[in-house]
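The values are calculated or read from the model by the stated rules, or taken from the named source; none is laboratory data. None of the values given here were measured: they were computed from a predicted structure. Using ideal geometry, Cβ is built from the backbone for each residue, glycine included, and neighbour counts are taken over all protein chains shown.
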Amino acid sequence: METVRLNTLFTPGEVPLAEYPRPQFERKSYLTLNGKWNYAILRKSESFSGEYQGKILVPYSPESLLSGLDEGTCVTPDDKLYYKREFNVPEGFIKAHTFINFGAVDFWCKVTLNGGVVGEHSGGYMPFTFEITDLIRPGTNVIEVEVTDPSDTSYHTHAKQAIKRGGIWYTPQSGIWQSVWLESVPEAYLKDVTIIPDIDNNCVNLKFKKSDPTLPVEVIVLDNIDSNTQLSAHICNGDEISIPMENYELWCPENPKLYGLAFKIGDDIVRSYFGMRKFSFVTDSKGFKRMALNNKPYFMSGVLDQGYWSDGMLTPPENRALEFDVKLVKSMGFNMIRKHIKIEPLRWYYHCDKEGILVWQDMVTGGTKYNMLYIGVLAFVGIHIKDDNERAYKKLARADKEGRDEFEREVDITMDYLKNCVSLCCWVPFNEGWGQFDSVRITNHMKQTDPTRLIDSVSGWNDQGKNTSDTKSQHIYFRPITVPRFEKRCRVLSEFGGYSCKIDGHVFSPKKSFGYRIYKNKDKLNAAFKKLYEKRIIPNVAKGLSATVYTQVSDVEEEINGIITYDRKEIKLDSDMVKQLNSQLVIKD
């Protein structure tokens, strides 16, 4: 057998991932639609008779083991995937407005409820919501979803999914892959809130979107995220309010203190939380530009995390699995995770907020087939091409204006979706030149959109110079790690390592494997890791190195360079050793 889909440590229930999906904006009004749905996969050219082929467990893609479908099931670009489910809405659930929320559907979908078209959506990694007030009813309802997915055959967002998978490119998946759920609210309700802590002025600033701009909002600040102990109460009659904070604790990885929030408009009550923290760049006493947390230089020692699972693919088997990965990274002394080319369910960021793990968030990449001469080889030898003209667009797989426009829309959606995540400290718009374009303009737009966070503009290869980014971002796998001299920007090593070790019985492909340096056993792997940090990482902190991102949290398919195996059953690195090394990564100012 060429490949093996392995079960992880975790087992989804009959209704998987049933926890409220949005802890940053939580109501008691909630009805999950996760669970068994009918499905059918047909050619686009075939007419659908309404006869389904079996049951699929939502929100797992048909290609995944946890979906319950036969191994090898695949929705190709020539196929259409059909879903259907009957569900019951209990008496009293429906209020003035009812919404259906999809965490993500890959790629295009049309949603129908009780025979009426709800809407269409495209964007395989983007969350979306439809109002279904006119179609929903008490008792039995029927929802149908049609899906098509071009995968990597077009310019659309596809991240690391590839029909011809192998190495760092992975099996494509399709369909519903994050939670589906209903929420119903009264006529007067809170649409959205933006939470901006300000430690320089000892306050937290709130911006509201309401169903009626004239409605007052009651705001209660709570002692902690799980508490009902009230610290203060306020009334906001407009759209914004600044709330003073007294004797507060700063949020940081060493002390991830979270305060609770409750908002009330009429009968609508929403719970949220925040942390008092600040991200910025500062210059240390030696003249090095540094990433800073709470106005002090802070070394960010992180791990690359692609968020793939051996049984659920892009979808975790259960909420506990998300928590497991975050706690594993924290237990090894790392204080940061770079979420690579993926947007996670909001509960993943919630665990980072609670555990105290900083997050660098990549934007999801698209574009047509990458020309490795321009995207990799030239940059690898130090030649960086400009990315802001038609000729460059073609070289960097961005000739399609529709694809460029799509990426910019999704940047804005992503930044809005994740804006209240306490731990999210750095945006990463482009990785290694993949679909890169107009990075100076897009970086400036992102800075204006969110001035509270850092930006690593072009992670890795195709650097656009000092006008693009506050960081000099390097990916180094095959040569000795050095810090660039005479560099005025903040120096970050945003990918390195990738040390690999195959653990028999815990691999996706028994015959094929990929890694940057492969070691025969755990002992040799650990010795090499220790040497790498002692010889190349720790000494460079004093030379201006401000952050590192080791590749990576887990194995992914043929890529066997994880700290833990793909099935999460074998940890390859010695936790105490890694923690001791991380403890030495301190900026001495």
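Quick look at the values:
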{"quantity": "Options K543, K535: the member that is at pLDDT 95 or above and part of a helix (DSSP H, G or I)", "calculated": "K535"}
{"quantity": "Those residues of region 423-463 which are in a strand (DSSP E or B), touching a Phe, Trp or Tyr at 6+ places or on another chain (Cβ under 6 Å) and modelled with pLDDT of 95 or more, in sequence order", "calculated": "C425, C426, V428, L454, I455"}
{"quantity": "Subset of region 294-346 (residues that are farther than 27 Å from C490 by Cα, touching a residue at least 40 places away in the same chain (Cβ under 8 Å) and acidic (D, E))", "calculated": "D311, E318, D325"}
{"quantity": "Condition broken by K342, with the remaining ones in (1) touching a Gly at 6+ places or on another chain (Cβ under 8 Å); (2) surrounded by 23 or more Cβ atoms within 10 Å (Cβ to Cβ); (3) assigned to a loop (DSSP other than H, G, I, E, B); (4) of a type outside the set (V, I, T) satisfied", "calculated": "(2)"}
{"quantity": "Residues located in region 30-57, provided they are surrounded by 15 or more Cβ atoms within 10 Å (Cβ to Cβ), hydrophobic (A, V, I, L, M, F, W, C) and not in a strand (DSSP E or B)", "calculated": "L33"}
{"quantity": "Some residue of region 291-303 being farther than 26 Å from S583 by Cβ and surrounded by fewer than 23 Cβ atoms within 10 Å (Cβ to Cβ)", "calculated": "no"}
{"quantity": "Residue count for region 228-245, restricted to those that are free of Cβ contacts under 8 Å to residues at least 40 places away in the same chain and in a loop (DSSP other than H, G, I, E, B)", "calculated": "5"}
{"quantity": "Yes/no for K579 being within 26 Å of the chain's Cα centre (by Cα) and either assigned to a helix (DSSP H, G or I) or modelled with pLDDT under 95 (or both)", "calculated": "yes"}
{"quantity": "Unique residue being touching a Lys or Arg at 6+ places or on another chain (Cβ under 8 Å) and either farther than 23 Å from G124 by Cα or among the aliphatic types (A, V, I, L, M) (or both) when the list is V377, V364", "calculated": "V364"}
{"quantity": "Single residue of H351, H384 found to be of a type outside the set (A, V, I, L, M, F, W, C), out of contact with any Cys (no Cβ under 9 Å at 6 or more places or on another chain) and closer than 25 Å to F279 by Cα", "calculated": "H351"}
{"quantity": "Qualifying residues in region 202-227 (those that are under 30 Å from the mean Cα position of the chain (by Cα) and not in a strand (DSSP E or B)) - the one surrounded by the most Cβ atoms within 10 Å (Cβ to Cβ)", "calculated": "I225"}
{"quantity": "Criterion: modelled with pLDDT of 95 or more and either within 20 Å of the chain's Cα centre (by Cα) or among the polar types (S, T, N, Q) (or both) - qualifying residue of G103, G119, G115, G139", "calculated": "G103"}
{"quantity": "Out of V219, V204, sole residue that is free of Cβ contacts under 8 Å to residues at least 60 places away in the same chain, aliphatic (A, V, I, L, M) and outside the structural domain of T129 (by TED's automatic domain parsing)", "calculated": "V219"}
{"quantity": "Pick from region 147-180, criterion surrounded by 16 or more Cβ atoms within 10 Å (Cβ to Cβ) and among the charged types (D, E, K, R), ranking: nearest to the chain's Cα centre (by Cα)", "calculated": "K160"}
